[in-house]
Amino acid sequence: MAIPSQTIEQVAGANDIVEVIGSYFTLKRAGANFKALCPFHQEKTPSFTVSPQRQSFHCFGCGVGGSVFRFVMDYEHVDFPAAVHKLAARVGIAIIEERREEGETQQHEARRLLLRLHAEAAEWFHENLVKRDTGKPAHGYLKARGINREVAKLWKLGYAPESWDAFCHWASKGGYRRRDLVLSGLVKLRDEERGDGEFYDRFRGRLMFPICNDVGEVIGFSGRVLETDATAAKYINSPETPLFRKGRVLFGLHKTKRALIDADCAIVCEGQLDLITLFEAGIQNVVAPQGTAFTEPQAHVLKRFVREVVLCFDSDTAGQDAAERSLEALLHNDLVVRVVEMPPNEDPDSLVRKAGRDKFDALVASAPGFFDYWIEKKSAASDLNSLAAKMQVARELAASVAFVRDPVMRGEVMNKISARLAIRVADFETLVKPADSFRRSDAKIGVPLPVPSHDVAMLCLLALRDEEARAFLQEQNWREVLRSVPGAALLEKILEAELRPTDPASLNLFQTTLSPAEEAVVSGWLLQKLPGQPAMVTREWWNGLRQAILRRELDGAESRLRLPNLTTGEIMQLQKQVLDLRGQLHELPRFSPVRAHAP
């Protein structure tokens with residue numbers, strides 16, 4: 001799948017970057033531009049600059065910058081297609097993606113149908129809860145949990161009637177085929193081995209929580225039973241489907257990711273109601289796994305937003321075991337882990353409703369690091385005066401320390417454990433398996449962008465900003481010339497691109513073809529002051545660049561002429577080359593660029 005370049009340019013042209021960024025935080029006018037404190041690094045003096053004329057942003061403090069798409073990608077932590085879709089929806093532009101293969105087309109259509117089914121199912125469950133008598137069984141439960149109508153609407157809570165086929169009947173009436181309903185996981189076949197026969201509703205008599213991906217699309221459901229029943233699971237989730245992979249989804253992330261980024265810390269609780277209660281109490285940097293323990297993919301997703309995780313599972317044995325099982329995945333992603341010690345018989349939902357937010361905030365603030373917490377737990381359960389018990393505790397802790405990839409964190413943890421167990425660090429280190437030498441899947445692998453030389457940077461600026469300057473450069477044999485110029489790859493991209501210097505939408509489209517590092521450099525050039533008489537300056541800088549290349553080639557040829565043992569043929573060839581290079585240098589106008597205008 002691919003979004004046509006014409007559509008991308010249309011979306012860029014319809015979204016004013018000042019309005020888009022201004023919808024996230026306040027911008028203040030500063031001359032022709034707007035400024036704010038940079039959202040991507042800590043600063044006291046505003047250096048984050050937005051140009052309405054160039055439709056670009058750049059921070060002169062940390063160097064980030066680019067198009068309106070780059071801002072949404074970095075601020076929302078989404079990929080490029082998601083950013084385009086989000087901005088297109090903002091201005092009412094329909095995205096029709098190009099499909100290259102028949103199989104890809106079918107897959108896209110199937111996904112779109114499932115997303116529509118889930119969105120409409122969420123609305124149907126919600127209306128059952130708030131508009132129909134069928135939802136009355138859930139009203140008392142929600143009232144007892146402090147969930148009012150507004151909160152239920154915000155989270156699109158719903159109710160699945162106590163019926164074998166109410167959903168099946170509604171969906172079939174809405175035109176959904178049996179095959180699609182089975183694929184969605186919202187219905188079950190009575191004979192799943194045969195794959196045919198009658199089917200019935202998967203969710204019956206349950207409070208329904210829509211599960212969304214990080215851009216807010218409903219991809220599954222979690223249903224909670226309302227009455228205590230020893231034979232029924234407390235929660236059931238949608239099965240694995242083309243949309244829903246339980247181990248890869250974090251409940252609430254589509255609403256909480258901005259708070260996660262701002263806090264650089266995620267409070268992780270077990271259940272959906274825990275998360276909703278915390279969120280509505282103003283604690284919004286919170287997520288919940290679809291189950292109990294964290295999986296590696298979930299930790300990997302969370303690492304995109306935060307560096308620290310505070311586990312806030314229930315105080316019972318199951319909750320504490322889940323905290324321990326989460327450790328490996330979190331430490332594999334170099335996340336700092338702390339653990340909230342909940343009071344007996346309390347969970348985040350009940351604690352906040354009974355004691356208020358301040359009590360919960362205090363517990364989070366005082367939450368010990370995971371290894372501090374576990375050392376105390378293991379020490380309390382063992383007689384450390386016993387050598388056998390001390391050895392057992394040391395081995396268990398060493399097994400967990402092996403999950404730590406970061407060498408600084410690993411060293412700190414080993415020092416702490418050794419001191420608590422009263423053993424030498426070197427002795428404890430022998431119990432810890434070395435961290436495996438793996439390459440993180442989220443590592444940013446790539447070649448750093450070479451810093452363009454002074455003359456190349458000036459030519460990049462001119463080719464981006466002035467049509468006459470750009471036309472002059474494109475008339476030259478620039479491919480051949482730039483082949484011998486170090487750090488000229490970005491200038492080559494600028495000259496190859498079909499961009500229009502005076503059209504901000506065209507410049508935005510060009511920036512989508514660049515790497516983040518390249519885009520940051522280009523965004524800085526777009527905010528630089530353009531020198532006077534840009535066409536003339538371009539000719540001077542281009543001639544200066546050619547002079548520098550010819551001089552290097554001339555110096556090289558003259559140096560080779562001084563080598564001993566050259567044949568007569570080699571000498572004649574080098575002499576001819578020297579004369580030719582001197583002639584080319586003589587033909588070029590003298591280089592005298594206005595350096596005050598250099599970027």
Sole residue being part of a strand (DSSP E or B), aliphatic (A, V, I, L, M) and crowded, with 16+ Cβ neighbours inside 10 Å, chosen from V72, V11, V50: V50
Filtered residues of region 359-388 (kept if open to solvent by less than 50 Å² (accessible area, probe 1.4 Å) and farther than 16 Å from C312 by Cα): I375, K378, S379, S382, L384, S386
First in region 394-421 and over 20 Å from R325 (Cβ atoms), second anywhere and crowded, with 17+ Cβ neighbours inside 10 Å and polar (S, T, N, Q), Cβ under 8 Å, 6 or more apart: none
Strands (runs of 3 or more DSSP E) enclosed by region 218-307 - at least 3 residues per element that are open to solvent by less than 10 Å² (accessible area, probe 1.4 Å): 218-225, 265-269, 286-289
Scan of region 408-433 for residues that are over 18 Å from A388 (Cβ atoms), part of a helix (DSSP H, G or I) and open to solvent by 30 Å² or more (accessible area, probe 1.4 Å), ordered by number: V408, M409, R410, E412, N415, K416, A419, V425, A426, E429
Helices (runs of 4 or more DSSP H) fully within region 469-522 counting 1 or more residues that are open to solvent by 40 Å² or more (accessible area, probe 1.4 Å) and without any contact (Cβ under 8 Å) to a residue 60 or more places away in the chain: 478-482, 489-496
Yes/no for R90 being of a type outside the set (F, W, Y), without any contact (Cβ under 8 Å) to a residue 12 or more places away in the chain, part of a helix (DSSP H, G or I) and open to solvent by 60 Å² or more (accessible area, probe 1.4 Å): no
Test: residue in region 530-543 that is farther than 30 Å from I8 by Cβ, in contact (Cβ under 8 Å) with a residue 60 or more places away in the chain and open to solvent by 40 Å² or more (accessible area, probe 1.4 Å): yes
Residue in region 175-186 that is over 35 Å from the mean Cα position of the chain (by Cα) and not basic (K, R) present: yes
Every pair of residues 6+ apart whose Cβ atoms lie under 8 Å, when the first sits in region 132-159 and is touching a residue at least 40 places away in the same chain (Cβ under 8 Å) and open to solvent by less than 60 Å² (accessible area, probe 1.4 Å) while the second is among the β-branched types (V, I, T) and assigned to a helix (DSSP H, G or I): R145/T277; G146/T277; I147/I276; V151/I276; W155/I276; L157/V151; Y159/T134
All positions within region 553-582 that are open to solvent by 80 Å² or more (accessible area, probe 1.4 Å), free of Cβ contacts under 8 Å to residues at least 24 places away in the same chain and in a helix (DSSP H, G or I): D555, R560, T568, E570, M572, Q573, Q575, K576, L579, D580
Residue, farthest from V225 (Cα to Cα), within region 245-264, restricted to residues that are over 15 Å from the mean Cα position of the chain (by Cα) and not basic (K, R): A263
Region 106-124 residues that are within 13 Å of G220 (Cα to Cα), paired with ones that are open to solvent by less than 50 Å² (accessible area, probe 1.4 Å) and among the charged types (D, E, K, R) (beta carbon under 9 Å, 6 or more apart): L114/D180; L117/D180
Selection from region 348-357 of residues that are under 18 Å from N285 (Cα atoms) and either of a type in the set (F, W, Y) or open to solvent by less than 40 Å² (accessible area, probe 1.4 Å) (or both): P348, D349, L351, V352, G356
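The values are calculated or read from the model by the stated rules, or taken from the named source; none is laboratory data. This one's a predicted model, so the numbers in the text were calculated from it and none came from an experiment. We place every Cβ from the backbone using ideal geometry, glycine too, and count neighbours over all the protein chains shown. Accessible surface areas use protein heavy atoms only, side chains included; no ligands, DNA or RNA. Shrake-Rupley method; radii C 1.70, N 1.55, O 1.52, S 1.80 Å.
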